[in-house]
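**Q** Just dropping this structure here.
The values are calculated or read from the model by the stated rules, or taken from the named source; none is laboratory data. For clarity, every value in this text was computed on a predicted model and none was experimentally measured. Counting neighbours? That spans all protein chains shown, and the Cβs are built from the backbone with ideal geometry, glycine included. In case anyone asks, the SASA skips ligands and DNA or RNA and just uses the protein heavy atoms, side chains included. Shrake-Rupley method; radii C 1.70, N 1.55, O 1.52, S 1.80 Å.
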Amino acid sequence: MICADDRRAYWTALGWPCRRLAPDTGFYLVDDTHGLTLRNAAARDHGRGLRLDLGDAEIARRIASGRRSPLAQAIGLRRHREPRLLDTTCGLGRDSATLAALGARVTALERHPVLHALLDDALTRARAEPGGPQWLANWQTLVHADAIRWLEARPAAPAFDVIYIDPMFAAPRRKAAPQKALAWLNALVGIDIDADRLLAAACSRAGRQVVVKQHARAQPLALPDRQVRAKAVRFDIYLTGG
Ligand SMILES: C[S@@+](CC[C@H](N)C(=O)[O-])C[C@H]1O[C@@H](n2cnc3c(N)ncnc32)[C@H](O)[C@@H]1O
């Protein structure tokens, strides 16, 4: 990893020591004037790398789908326009950004140190950009934490109306190769085998509901109260309000 001095100690402590030269194998981070980039030594020319950009076309497309999109419907954004939302699995930040742009007040958690670092860098760059999107103000916090422990340590009184969970599941068989960003996410993070524990912790702390994103044909983690279906994915909804 090649990085600026002020970030070096933090990443070293997280097990990603700084390197002046790229390694022969595996993923590594490069921190330069363009921002923080994840590269893969196994890719040809180490690939162009993966740098998160909250203004990218994929996020813009999702925001343009508006409150009628399956994600927005599952969160309940047509009735509740500014919910306090906890995204427990921030990943590439696409759902957090989309929901913040559609009005939710977002707190986001990510436990993988590299993904958290990439997200933190993307948020910092977006906030420093003159004339950046106004919705950034709705993305209130990004925390590097395991959501199960983070939720269990919180007081029982709910601080969030909706808790959102989008864990890494085993990918279904598919004809097309996944997008590079998703393939790299898969290789870096692997499968989240504790999603059922996360659902239990979320159900004990959500004011109104918990929403779990799943592949369209996957088994639900538990019997949901409602479902919103899209072409490739499904949102399972667990009502927690009295
Ligand atoms: C499928 S990705 C999420 C994609 C995200 N919804 C987006 O729009 O880019 C799952 C992410 O959740 C994170 N994750 C899974 N379980 C977690 C937990 N208990 N606490 C914090 N992060 C978690 C993983 O590290 C991974 O980055």
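**Q** Do you know which of the residues in segment 205-236 that are assigned to a strand (DSSP E or B) and among the polar types (S, T, N, Q) is nearest to the ligand (Cβ to nearest atom)?
**A** Here the residue is Gln214.
**Q** Being within 14 Å of the ligand (Cβ to nearest atom) and among the polar types (S, T, N, Q) is the filter; apply it to segment 50-79 and report the residue that is most open to solvent (accessible area, probe 1.4 Å).
**A** Here the residue is Ser65.
**Q** Does any residue in segment 145-160 that is without any contact (Cβ under 8 Å) to a residue 40 or more places away in the chain come within less than 7 Å, Cβ to Cβ, of a residue that is within 15 Å of the ligand (Cβ to nearest atom) six or more places away or on a different chain, and which pairs are these?
**A** Ala145/Leu109; Ala145/Arg111; Asp146/Arg111
**Q** Follow-up question, since we're still on this one. Looking at Pro133, Pro83, which one is modelled with pLDDT under 95, of a type outside the set (Val, Ile, Thr) and more than 9 Å from the ligand (Cβ to nearest atom)?
**A** Pro133
**Q** Now for a different question. Quick check on my filter: what residues within segment 225-242 are among the small types (Gly, Ala, Ser) and either touching a Lys or Arg at 6+ places or on another chain (Cβ under 7 Å) or touching a residue at least 40 places away in the same chain (Cβ under 8 Å) (or both)?
**A** Across segment 225-242, the qualifying residues are Ala230, Gly241.
**Q** With a cut-off of at least 1 residues that are assigned by TED's automatic domain parsing to the domain that holds Ala195 and either open to solvent by 70 Å² or more (accessible area, probe 1.4 Å) or more than 18 Å from Ile63 (Cα to Cα) (or both), name the helices (runs of 4 or more DSSP H) lying wholly within segment 80-180.
**A** 113-128, 147-152
**Q** Moving on. Is it the case, given these coordinates, that Arg44 is open to solvent by 50 Å² or more (accessible area, probe 1.4 Å), in contact with a strand residue (DSSP E or B) (Cβ under 9 Å, 6 or more places away or on another chain) and without any contact (Cβ under 8 Å) to a residue 40 or more places away in the chain?
**A** No, not satisfied.
**Q** Further question: Pick from Ala183, Ala200, Ala222: which is over 26 Å from Glu58 (Cβ atoms), without any contact (Cβ under 8 Å) to a residue 12 or more places away in the chain and open to solvent by 30 Å² or more (accessible area, probe 1.4 Å)?
**A** One residue alone meets the criteria, Ala200.
**Q** Next up: Tally the residues that are open to solvent by 60 Å² or more (accessible area, probe 1.4 Å), assigned to a loop (DSSP other than H, G, I, E, B) and at pLDDT 70 or above, restricting the search to segment 15-41.
**A** 4
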